[in-house]
Amino acid sequence: MILKGKNIVLGITGGIACYKAADLCSKLVQAGAIVDVIMTPAALAFMTPLTFQTLTKRPVSVDMFQLLRDTDMAHISLAERADVLVIAPATANTIAKLAHGLADNLLTSTALACTAPLVLAPAMDTDMWENPITQANIAALRARGAVIVGPGYGRLASGRIGAGRLVATEDILGAIRQTLGRKGPLAGARLVVTAGGTQEPLDPVRHLTNRSSGKMGYALAEAARDAGAQVTLITAPTALNTPYGVERVNVRTAAEMAEAVLGRLEETDILVMAAAVADYRPKVTAEQKIKKGEGALLLELEKTEDILAEVARRRPALAHRLLVVGFAAETENLLENALSKMQAKRLDLMVANDVSSADSGFEVDTNRVILLNPAGEQEALPLMTKADVAEHIIARVAALWRRDHG
Ligand code: PMT
């Protein structure tokens, strides 16, 4: 939602990574942004304006002296309209011009005239990137507030392996979203979110776990980042990429998750427990792989740490107010079970998660939840994507946070 209706000026400079800008442009448009593309003359050697005009359904600007709507000066009107100026890919040449205030084409002129935040995704050969001149230019731009995403490391157009690749579209989108949201309702808040299903080892090659994919927790991390929070994601093993701008802490077991969460309580303003933490673990972890025997194998399980219960116990001694959000994954008696967990763990907000149907809960991209609070209010959300559920939850969290922080 954060991209919806936002004016994004997308600058494209002349490098082989230009073709990837089409994907970025398309994703921005799909997310509801109004995208105005400016190509440098060098970019025209790699891509045609028609590609971007087709994707954005808006004119693409190249000519420095082109007039928009008869009288507007293109570089002024685009600069004024921008909520964010994104340059991807950004060549060493354009980076140098930006660092020194040169304005010799429409993109560099627009950048000089633009007061909106600047997001740069550099792409170039390793030697150009590592050149002290480029590094000094990047440092100067960063010192002036520019957000630099990447470059990534990997195979370059020259065939070399090194730093200089344009980062994944997902990361550029993440940087744009974080930049747009940095003055959002959770600005200044330190939020910890847990995600994924913990793994409790039986032996060196086996563990007990559950079907959590981490999708709900990761979506919450992104939504909180977009709302301006400083986010730490404490995650059990998942197949998901770390969201841009989020600090990731990898854990495996319930005990490790408990240590990671409890060890950060002093520096946490908001805790969101979306992880599916094991309630039981094998009492003994075999040192060697358990061999198949003749009869049945009996496992003795013991309780794991109840993280939320321990948070509730420690909360009164904290020097600051901690907001705590819990989830209840239920296959029956959803409201009843969620209410009793909310009370037992003294939560500020409970997300009652119906995990009984195939389109909701574990693994899938959609979810169906009811939000409950200690005042007895209930908000049942219809089936929606986990990204949308996350935005709803974070909006509720932000309202609680603002109540306490003005
Ligand atoms: O990861 P996905 O595939 O996207 O699936 C999302 C989800 C279904 C895992 C998620 O939406 C969800 O419901 N998470 C909570 C799962 C869970 O463990 O629920 P619970 O009812 O067993 O636990 C209640 C609360 O106590 C939870 O906030 C849980 O994180 C916490 N807990 C549980 C056990 C434990 N030892 N310590 C805890 O703090």
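Would you mind getting me the FRET efficiency between Ile76 and Leu381? Use the beta-carbon distance for r and R0 = 41 Å, nearest 0.05.
That gives a FRET efficiency of 0.40.
DSSP beta bridges in the stretch 184-405, what fraction antiparallel, as a percent rounded to 5? Walk me through the numbers before you get to the answer.
Details: 15 of 40 bridges.
Within the stretch 184-405, antiparallel bridges account for around 40 percent of the total.
What FRET efficiency would be calculated for the residue pair Tyr153, Glu336, taking the C-beta separation as r and a Förster radius of 56 Å, to the nearest 0.05?
Numbers: r = 52 Å, r/R0 = 0.92.
Computed FRET efficiency for Tyr153 and Glu336 comes out at 0.60.
Please report, in whole Å³, the volume per residue of the convex hull around the C-alpha atoms of the stretch 326-406.
87
Taking the C-alpha atoms of the stretch 167-296, how large are the radius of gyration and the largest Cα-Cα span, Dmax, in Å?
17.4, 64
Taking the convex hull of the alpha carbon atoms in the stretch 7-180, what volume per residue do you get, in Å³?
Numbers: hull volume 17.3 nm³, N = 174.
Output value, Cα hull per residue: 99 Å³.
If I take all pairs of Cα atoms in the stretch 154-219, what percentage of them are more than 16 Å from each other? Working shown, then result.
Values: 1559 of 2145 pairs.
It works out to 73 percent of all Cα pairs.
Taking the simple approach of a point 7 Å from Cα along Cα-to-Cβ for both Arg321 and Asn210, what is their distance in nm?
Once both label points are built, they end up 3.0 nm from each other.
What does the charge count around Asp388 come to, taking other residues whose C-beta lies under 14 Å from its C-beta (Lys +1, Arg +1, Asp -1, Glu -1)?
Taking every Cβ under 14 Å from that of Asp388, the sum is -1.
On the full set of protein chains, 1.4 Å probe, figure out the accessible area of Ile394 and give it in Å² to the nearest 10.
10
So if I average 1/r over every pair of distinct C-alpha atoms in the chain and take the inverse, what Kirkwood radius in Å does that give?
Answer for the chain: a Kirkwood hydrodynamic radius of 23.5 Å.
Less than 17 Å apart at the alpha-carbon level, and either on another chain or at least 8 residues along: which aspartates and glutamates does that give for Lys291?
Result set, ordered by chain and number: Asp203, Glu300.
With Cβ to Cβ distances under 12 Å as the rule, what net charge do the other residues near Val192 carry (K, R +1; D, E -1)? Working shown, then result.
Numbers: positive: Arg190, Arg248, Arg264; negative: Glu247, Glu266, Glu267, Asp269.
Neighbourhood net charge equals -1.
On C-alpha positions alone, give me the angle between the axis of helix 18-30 and the longest principal axis of the chain, in degrees, nearest 10.
Once rounded, the angle reads 60 degrees.
Angle between the Cα long axis of helix 334-344 and the longest principal axis of the chain, 0 to 90 degrees, nearest 10?
80
In whole percent, and with a 1.4 Å probe on the protein chains, what portion of the accessible area of the chain is carbon and sulfur? Before the final figure, lay out each step's value.
On the way: 10220 of 19110 Å².
C and S atoms contribute 53 percent here.
Hey, can you find the accessible area per residue of the stretch 184-405 for me, probe 1.4 Å, expressed in square angstrom? Can you show the working numbers first?
Numbers: 10740 Å² over 222 residues.
For the stretch 184-405, the per-residue accessible area is 48 Å².
For the Cα atoms of the chain, what angle does the longest principal axis make with the long axis of helix 169-181, in degrees from 0 to 90, nearest 10?
Rounded to the nearest ten degrees, it is 90.
Could you tell me the center-to-center distance, by alpha carbons, between the stretch 275-342 and the stretch 352-406 in angstrom?
So the two Cα centres are separated by 21 Å.
Given the chain, what percent of its DSSP beta bridges are antiparallel, to the nearest 5? Write down the numbers at each step before the final one.
Values: 21 of 63 bridges.
Here the share of antiparallel DSSP bridges comes out near 35 percent.
Whenever you get a sec, line up Thr238, Thr209 from highest to lowest accessible area (probe 1.4 Å, protein heavy atoms). Write out the running numbers ahead of the final one.
Numbers: Thr238 35, Thr209 75 Å².
Highest to lowest solvent-accessible surface, that is Thr209, Thr238.
Taking the full set of protein chains and a 1.4 angstrom probe, give the accessible area of Ile290 in square angstrom, rounded to the nearest 10.
So the heavy atoms of Ile290 present about 50 Å² to solvent.
Can you give me the distance in nm between label points at Arg144 and Arg58, each placed 7 Å from the Cα along the Cα-to-Cβ direction?
2.3
Ignoring ligands, DNA and RNA, how do Glu247, Glu379 rank by accessible area with a 1.4 Å probe, largest first? List each step's numbers first, then the result.
On the way: Glu247 95, Glu379 65 Å².
Largest to smallest exposure gives the sequence Glu247, Glu379.
On average, how much accessible surface per residue is there in the stretch 1-139, in Å², for a 1.4 Å probe, leaving out ligands, DNA and RNA? Working shown, then result.
Values: 6090 Å² over 139 residues.
I get 44 Å² per residue for the stretch 1-139.
With 30 Å as the cut-off, how large is the P(r) tail for the stretch 184-405, expressed as percent of Cα-Cα pairs?
Values: 5241 of 24531 pairs.
Pairs farther apart than 30 Å: 21 percent.
Compare Tyr153, Tyr280, Tyr244 by solvent-accessible area with a 1.4 Å probe and give them largest first, with all protein chains kept in place.
Values: Tyr153 170, Tyr280 110, Tyr244 50 Å².
Of Tyr153, Tyr280, Tyr244, the descending order of accessible area is Tyr153, Tyr280, Tyr244.
If each DSSP helix of 4+ residues adds -39,500 (n - 2.57) and the sum is divided by the residues in the chain, what number results at 222 nm, nearest 500 deg cm²/dmol? Each step should come with its number before you reach the end.
On the way: 13 runs with 136 residues, N = 406.
The helix-only estimate for the chain comes to -10000 deg cm²/dmol at 222 nm.
For Glu259, what accessible surface area do you get with a 1.4 Å probe? Give it in Å², rounded to 10.
140
Report the antiparallel proportion of the DSSP beta bridges in the stretch 7-180 as a percent, rounded to a multiple of 5. If you can, show how the numbers build up before the last one.
Numbers: 6 of 23 bridges.
Given both bridge residues lie in the stretch 7-180, the antiparallel proportion sits at roughly 25 percent.
The values are calculated or read from the model by the stated rules, or taken from the named source; none is laboratory data. All values reported here derive from a predicted model rather than from experimental measurement. Don't worry about glycine lacking a Cβ; one is built from the backbone with ideal geometry, like all the others, and counts go over all protein chains shown. What goes into the accessible areas is simple: the full protein's heavy atoms, side chains included, and nothing from ligands, DNA or RNA. Shrake-Rupley method; radii C 1.70, N 1.55, O 1.52, S 1.80 Å.
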